[in-house]
Amino acid sequence: MKDSFGRRINYLRISVTDLCNYRCKYCMPEDGVTKKGRSDLLSLEEIYYISHIFVEEGVDKIRITGGEPLLRKGLVNLVESLGQLESVKDLSMTTNASLLSDKAVKLKKSGLDRLNISLDTLDKEKFQAISGGNLDDVIQGIKAASDAGLGIKINTVLLKGVNDDEIYDFIDLSKKYPIDIRFIELMPIGPTASYARDKFLSGDEIIETYDLRKTEKDDPNSPADLYKIDGGLGRIGFIKAMSHKFCGDCNRIRLTADGYLKPCLHSDKQVDIKTPLRRGEDIRPYIKKALEIKPYDHKLLEGKSIKRSMNRIGG
């Protein structure tokens, strides 16, 4: 499965809900979100069917996202169904881990391979200020995931004046534990775009400050440049979408919770797949259309941002 620029698209990101139990200022609009009606969202059966078609067309990597995916009832059953698709080599999930402690073992047994856990600070008071959540819940979730044998990556959004004093604390985690820490440049998206521009911190500044040794990527399509610190058990990654472009290696497409295919995170272009699916149509032509309109690159460096908020798209 290729787009109009010849890039192989083999990675599907599925948002199962746009709801979240946190209110991170760079992700969720200040006034929250209006809960969608049940019929507005894809059912888990519809998500599985669409995923199955994508796998038949060549997708072999799937990530489940939200909002917070663990809020979606029946999620473990969906994971189990996706885990039985033989061609899927990698099944992962992005989560804030606050609801993970009693689900980690079930997710692992259902076929989940690994987790990307969003964690922007190690300070309890700061965590509450950023997200409105309880850091202890997240720590318990991370421990449960580790005990269950799930692979773990920690995603930390760089926030100037907020968590830039904790950079070494995160790097030190990768030294002590076999986990990857990934620093992500803050991207202006949707209603929170102005906050992102005010708090932007370049990944290059961090790399120059600390003695990090560059290492090879596991996946050539990954947007993260990987580094290690001497003696470290894990690695440090940097996703620098604002200061660099890596669109030429993009291999992904997104399915939103309300049934749209988004060929690029940073483009407002999308294709309705829910309506034709519910009409009983073959959805393959709509997948083909989404690939055809996938842009070559984003326009973040030109100062443009999209309309949808991140929670409406999926991380």
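At a glance:
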| read-out | value |
| --- | --- |
| Criterion (at pLDDT 95 or above and assigned to a loop (DSSP other than H, G, I, E, B)) met by exactly one of LEU12, LEU19, LEU42 | LEU42 |
| Positions within region 126-157 being among the acidic types (Asp, Glu), more than 18 Å from LYS176 (Cα to Cα) and either touching a helix residue (DSSP H, G or I) at 6+ places or on another chain (Cβ under 9 Å) or surrounded by 22 or more Cβ atoms within 10 Å (Cβ to Cβ) (or both), in sequence order | ASP136 |
| Residue in region 126-140 that is in contact with a Cys (Cβ under 7 Å, 6 or more places away or on another chain) and either over 20 Å from GLY237 (Cα atoms) or of a type outside the set (D, E, K, R) (or both) present | yes |
| Options ILE167, ILE181, ILE152, ILE171: the member that is touching a Pro at 6+ places or on another chain (Cβ under 9 Å) and among the aliphatic types (A, V, I, L, M) | ILE152 |
| Extreme residue, surrounded by the fewest Cβ atoms within 10 Å (Cβ to Cβ), among residues of region 230-246 that are in contact with a strand residue (DSSP E or B) (Cβ under 8 Å, 6 or more places away or on another chain) and charged (D, E, K, R) | ASP230 |
| Region 284-315: number of residues that are modelled with pLDDT of 95 or more and surrounded by 18 or more Cβ atoms within 10 Å (Cβ to Cβ) | 5 |
| Among residues of region 141-188, those that are over 18 Å from CYS24 (Cβ atoms), in a helix (DSSP H, G or I) and in contact (Cβ under 8 Å) with a residue 40 or more places away in the chain, counted | 13 |
| Matching residues in region 51-96 - criterion: being at pLDDT 95 or above and among the acidic types (Asp, Glu) | GLU56, GLU57, ASP60, GLU68, GLU80, ASP90 |
| So ASP219, is it within 19 Å of the chain's Cα centre (by Cα), assigned to a loop (DSSP other than H, G, I, E, B), closer than 20 Å to THR65 by Cβ and of a type outside the set (Lys, Arg) | yes |
| Out of TYR260, TYR227, sole residue that is within 18 Å of the chain's Cα centre (by Cα) and buried (at least 20 other Cβ atoms within 10 Å of the Cβ) | TYR260 |
| Filter result for ALA97 (assigned to a helix (DSSP H, G or I) and either surrounded by 17 or more Cβ atoms within 10 Å (Cβ to Cβ) or free of Cβ contacts under 8 Å to residues at least 24 places away in the same chain (or both)) | no |
| Matching entry among GLY58, GLY66, GLY6, GLY37 (being among the small types (Gly, Ala, Ser) and under 20 Å from the mean Cα position of the chain (by Cα)) | GLY66 |
| Lone qualifier among ALA129, ALA97 - being under 17 Å from LEU70 (Cβ atoms) and aliphatic (A, V, I, L, M) | ALA97 |
| Any hit, region 55-70, residues being touching a helix residue (DSSP H, G or I) at 6+ places or on another chain (Cβ under 6 Å) and without any contact (Cβ under 8 Å) to a residue 40 or more places away in the chain | no |
| Odd one out for VAL76, checked against (1) in contact (Cβ under 8 Å) with a residue 12 or more places away in the chain; (2) surrounded by fewer than 18 Cβ atoms within 10 Å (Cβ to Cβ); (3) more than 19 Å from ASN21 (Cβ to Cβ) | (3) |
| Failed condition for GLY37, given (1) small (Gly, Ala, Ser); (2) on the phi > 0 side of the Ramachandran plot; (3) surrounded by fewer than 16 Cβ atoms within 10 Å (Cβ to Cβ) | (2) |
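The values are calculated or read from the model by the stated rules, or taken from the named source; none is laboratory data. In this text, all values refer to a predicted model and were calculated from it rather than measured experimentally. Positions of Cβ are generated from backbone atoms using ideal geometry, with glycine treated the same way; all protein chains shown enter the neighbour counts.
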